[in-house]
Amino acid sequence: MSYGAAVLLTQNVFVTGGCASFPQFSCRLHHELVAVRPFQSVVNVYSAADPVLDSWRGARRFAVTDAMTESCISAAEYHEKGGQYLKEHAASNRYLPSSSYEAVL
């Protein structure tokens, strides 16, 4: 990951899900990120208004969009590529090999 990308990511950390409800979770995460970032780096941690349900609500809104249809694997893709196939789309985690892994190849 480039330095610029790391800076942007640590400036905008959004916490959601059940674990975000743990007491002082956002505060602890902020302290941990500050500890591993360069001196005087800007680190912001934001919590969802309702950590348990906000991610579900967002997924519900996404499910009724055209982007959802484009993100899904068709039956033909499943039969051609198998159950382990993961389709890349705007919300997916893209596979980026690390430089050390590429050096081994």
Checklist entry - Taking Cα atoms, how many degrees apart are the long axis of helix 25-36 and the longest axis of the chain, rounded to 10 and kept between 0 and 90? => result 80
Next on the checklist: What number do you get for the chain when its Cα radius of gyration is normalised by 2.2 N^0.38 Å, N = residues?
Outcome noted: 1.41
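Is it possible to state the helix-based mean residue ellipticity at 222 nm for the chain, with each DSSP H run of 4+ residues giving -39500 (n - 2.57), the sum divided by total residues, to the nearest 500 deg cm²/dmol? What is it? Could you put the intermediate results ahead of the total?
On the way: 6 runs with 50 residues, N = 105.
When only DSSP H runs of four or more count, the value is -13000 deg cm²/dmol.
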Checklist entry - In degrees, nearest 10, range 0 to 90: what is the angle between the Cα axis of helix 54-63 and the longest Cα principal axis of the chain? => result 30
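Computed from the coordinates by the stated procedures, all read-outs in this text should not be read as laboratory data. Just so it is clear, the model here is predicted, and its values are computed rather than measured.
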